[in-house]
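Engineer: Pasting a structure here, questions to come.
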Amino acid sequence: MNNTVKKILPAAAAVAAAAGTLCFLTAPGRAGKAQKKPFMYKNFAHRGLHSRDKSIPENSLAAFERAASAGYGMELDVQLSRDGEVVVFHDDDLKRVCGVEAKVADLTLEELRKLRLCGTEETIPLFSEVLKCVRGRGALIVELKNGKRNKELCEKTYELLRSYSGEYCIESFNPFIVRWFKRNAPEVLRGQLANPPEDYKGEVNPVTGFLLGCVLLNFLSRPQFIAYKIGRKPFTVKLSELFGAMRVCWTSHEWMNEKGNHTVIFEFYKPKLSYKK
């Protein structure tokens, strides 16, 4: 063996090891055809079919009824009230939607019920009420919000979903929530939500933001789809998709986002219920 080969071999071994590690970190889980079918090439109404003028508020029973009546799938957000009720609401705090300086997790259901969404008569619904409203008329993408009681949220959300006859999947920005479903509900299609790393600024430290934005924590939960913010994707996200992760995009405001994605989460326009590959 000549000197040139001796010099190349360690470098080649290092590259192979790095590639193997990257593949291990980003590889998705496998999903069966039956799991994927309700979501493939479908458009999902973001927080229900709410209106730009807020007369039909996001995550309201009116928005979900409107979406279900039109035949759309729906994306929604769940979190816990102080007294452990699973409610449908996006933000951690109530300021933007309800005009109140308080956090959802700090108020009881009774206190939350007194608030109104975007100045309308709509109130914050229980997840059970949304399920009763939808009645299987459209598949659901259920986002579990990160908080201090994630295990409780996972358990209670799954308990409600187990008795629901409609089609659904789950997703979260927190890979440990997604991992809970991998371990305890492997039959449920699960997805990792993610932003570009720079979008996590102020929420988590830069290292954690990089790991989340580049889906380098996939090894924890082996998500079967990646729901990524529309825009530039890091190479590692594309690698996960190459390995078989379903491509879900959010939040779309135009038809062209159907191209190259398996599922589109949209708002403020009315696309077709489904689209071609």
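Engineer: Got a number for residues in segment 83-123 being open to solvent by less than 20 Å² (accessible area, probe 1.4 Å) and either assigned to a helix (DSSP H, G or I) or among the β-branched types (Val, Ile, Thr) (or both)? I'd like the intermediate steps shown before the answer.
Structural biologist: Going through segment 83-123, the residues open to solvent by less than 20 Å² (accessible area, probe 1.4 Å) turn out to be 84, 86-89, 94, 97, 104, 112, 117.
Those left that are additionally either assigned to a helix (DSSP H, G or I) or among the β-branched types (Val, Ile, Thr) (or both): 86-88, 97, 104, 112.
Of the residues in segment 83-123, 6 are open to solvent by less than 20 Å² (accessible area, probe 1.4 Å) and either assigned to a helix (DSSP H, G or I) or among the β-branched types (Val, Ile, Thr) (or both).
Engineer: crowded, with 16+ Cβ neighbours inside 10 Å and small (Gly, Ala, Ser): is that true of residue 29 in this structure?
Structural biologist: Numbers: crowded, with 16+ Cβ neighbours inside 10 Å: yes; small (Gly, Ala, Ser): yes.
It is true that residue 29 is crowded, with 16+ Cβ neighbours inside 10 Å and small (Gly, Ala, Ser).
Engineer: Does segment 230-250 hold any residues that are open to solvent by 10 Å² or more (accessible area, probe 1.4 Å), within 16 Å of residue 200 (Cβ to Cβ) and either touching a strand residue (DSSP E or B) at 6+ places or on another chain (Cβ under 6 Å) or in contact (Cβ under 8 Å) with a residue 40 or more places away in the chain (or both), and which are they? If you could, list the steps in order and put the result at the bottom.
Structural biologist: Keep residues of segment 230-250 that are open to solvent by 10 Å² or more (accessible area, probe 1.4 Å), which gives 230-236, 238-239, 241-244, 247, 250.
Filter once more, keeping what is within 16 Å of residue 200 (Cβ to Cβ): 231-234, 236, 250.
Scanning segment 230-250 gives 236, 250.
Engineer: Filter segment 144-159 for residues that are open to solvent by 20 Å² or more (accessible area, probe 1.4 Å) and either within 21 Å of residue 45 (Cα to Cα) or of a type in the set (Lys, Arg) (or both) and give the result. Before you say what the answer is, go through the steps one by one.
Structural biologist: First pass over segment 144-159, keeping only residues open to solvent by 20 Å² or more (accessible area, probe 1.4 Å): 145-152, 155-156, 158-159.
Selection gives 145, 148, 149, 151, 156.
Engineer: Hey, can you tell me all the residues within segment 51-67 that are in contact with a Lys or Arg (Cβ under 8 Å, 6 or more places away or on another chain) and not small (Gly, Ala, Ser)?
Structural biologist: Going residue by residue through segment 51-67, those that are in contact with a Lys or Arg (Cβ under 8 Å, 6 or more places away or on another chain) are 56, 58-59, 63.
Answer for segment 51-67, where residues must be in contact with a Lys or Arg (Cβ under 8 Å, 6 or more places away or on another chain) and not small (Gly, Ala, Ser): 56, 58, 59.
Engineer: Pull out all pairs, ordered by first then second residue, where Cβ-Cβ is under 8 Å, the residues are six or more apart or on different chains, the first lies in segment 31-52 and is closer than 21 Å to residue 181 by Cα, and the second is part of a loop (DSSP other than H, G, I, E, B) and open to solvent by 50 Å² or more (accessible area, probe 1.4 Å).
Structural biologist: That search, which allows pairs on different chains as well, returns 35/187; 38/167.
Engineer: Another question, then. Could you check how many residues of segment 114-157 are basic (Lys, Arg) and over 23 Å from residue 67 (Cα atoms)?
Structural biologist: As a first pass, look at segment 114-157 and keep what is basic (Lys, Arg): 114, 116, 132, 135, 137, 145, 148-149, 151, 156.
After this cut, where a residue has to be over 23 Å from residue 67 (Cα atoms) as well, the list is 114, 148-149, 151, 156.
Count: 5.
Engineer: Filter segment 40-68 down to the residues that are of a type in the set (Gly, Ala, Ser) and in a loop (DSSP other than H, G, I, E, B), then identify the one that is nearest to residue 120 (Cα to Cα). First the steps, then the outcome.
Structural biologist: Of the residues in segment 40-68, the ones of a type in the set (Gly, Ala, Ser) are 45, 48, 51, 55, 60, 62-63, 67-68.
Next cut, in a loop (DSSP other than H, G, I, E, B) only: 48, 51, 55, 60.
Numbers: 48: 16, 51: 12, 55: 7, 60: 10 Å.
Of everything passing the filter in segment 40-68, 55 is nearest to residue 120 (Cα to Cα).
Engineer: Assess whether residue 53 counts as being under 24 Å from residue 155 (Cα atoms) and either surrounded by fewer than 23 Cβ atoms within 10 Å (Cβ to Cβ) or not polar (S, T, N, Q) (or both). Full working, then the answer.
Structural biologist: Working: under 24 Å from residue 155 (Cα atoms): no; either surrounded by fewer than 23 Cβ atoms within 10 Å (Cβ to Cβ) or not polar (S, T, N, Q) (or both): yes.
No: the conditions fail for residue 53.
The values are calculated or read from the model by the stated rules, or taken from the named source; none is laboratory data. Worth saying up front: this structure is predicted, and the values here are computed from it rather than measured. Cβ sites come from the backbone with ideal geometry, for glycine too, and all protein chains shown count toward neighbours. Remember, those area values only see protein heavy atoms, side chains included, never the ligands or the DNA or RNA. Shrake-Rupley method; radii C 1.70, N 1.55, O 1.52, S 1.80 Å.
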